[in-house]
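In what follows, a structure is listed as structure tokens, so that the remarks can point back to it.
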Amino acid sequence: MITALWRLSAAIRAYLRFYMPTNRAVDWLRSPRGLKWAFPAALVATPTYLGLTALAIALARQPHFGFMNILVLLFYWNAMKFAWMGVLGPLCQLRLALRRASIPASQKLLALPACERPSPMSDSSV
């Protein structure tokens, strides 16, 4: 029974991780290339989602709009997700910079991500 629940929760997490746009944005913000955009994205997305939360709360108070409570939870969750990335982004960027600084010069080329390495076909001596 616990195994089935574990697998179901893993499947739901994988589905949400792949198909929900804010999860994809947060995943990109956690990448080395997206870390520099974590704080600016949090400055824009957090107030936007909090404003949408306030709007959804106002609509949920109206008769026949009780379904808006789901959107209240969704908007608030996304606001907190981006706010947390605004806090963690600079810390992760600092950790990445310290890790790169501690690598010896002879291994720096190998330590770069594949997207930042020079192509083996490029000839820099020409």
>> Can you confirm whether Ala114 is under 26 Å from Val26 (Cβ atoms) and modelled with pLDDT under 90?
In response: yes
>> With the requirement that a residue be surrounded by 14 or more Cβ atoms within 10 Å (Cβ to Cβ), in a helix (DSSP H, G or I) and under 13 Å from the mean Cα position of the chain (by Cα), what does the stretch 31-70 give you?
In response: Leu35, Trp37, Ala38, Phe39, Ala41, Ala42, Ala45, Thr46
> If you scan the stretch 71-107, which residues turn out to be open to solvent by 80 Å² or more (accessible area, probe 1.4 Å) and assigned to a loop (DSSP other than H, G, I, E, B)?
Replying inline: Ser102
> Hey, any hits in the stretch 5-16 for a residue that's within 20 Å of Tyr76 (Cβ to Cβ), surrounded by 14 or more Cβ atoms within 10 Å (Cβ to Cβ) and without any contact (Cβ under 8 Å) to a residue 60 or more places away in the chain?
Replying inline: no
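The values are calculated or read from the model by the stated rules, or taken from the named source; none is laboratory data. Keep in mind that this is a model prediction, so the values were computed, not measured. Please note: Cβ atoms are built from the backbone with ideal geometry, for glycine as well, and neighbour counts cover all protein chains shown. Remember, those area values only see protein heavy atoms, side chains included, never the ligands or the DNA or RNA. Shrake-Rupley method; radii C 1.70, N 1.55, O 1.52, S 1.80 Å.
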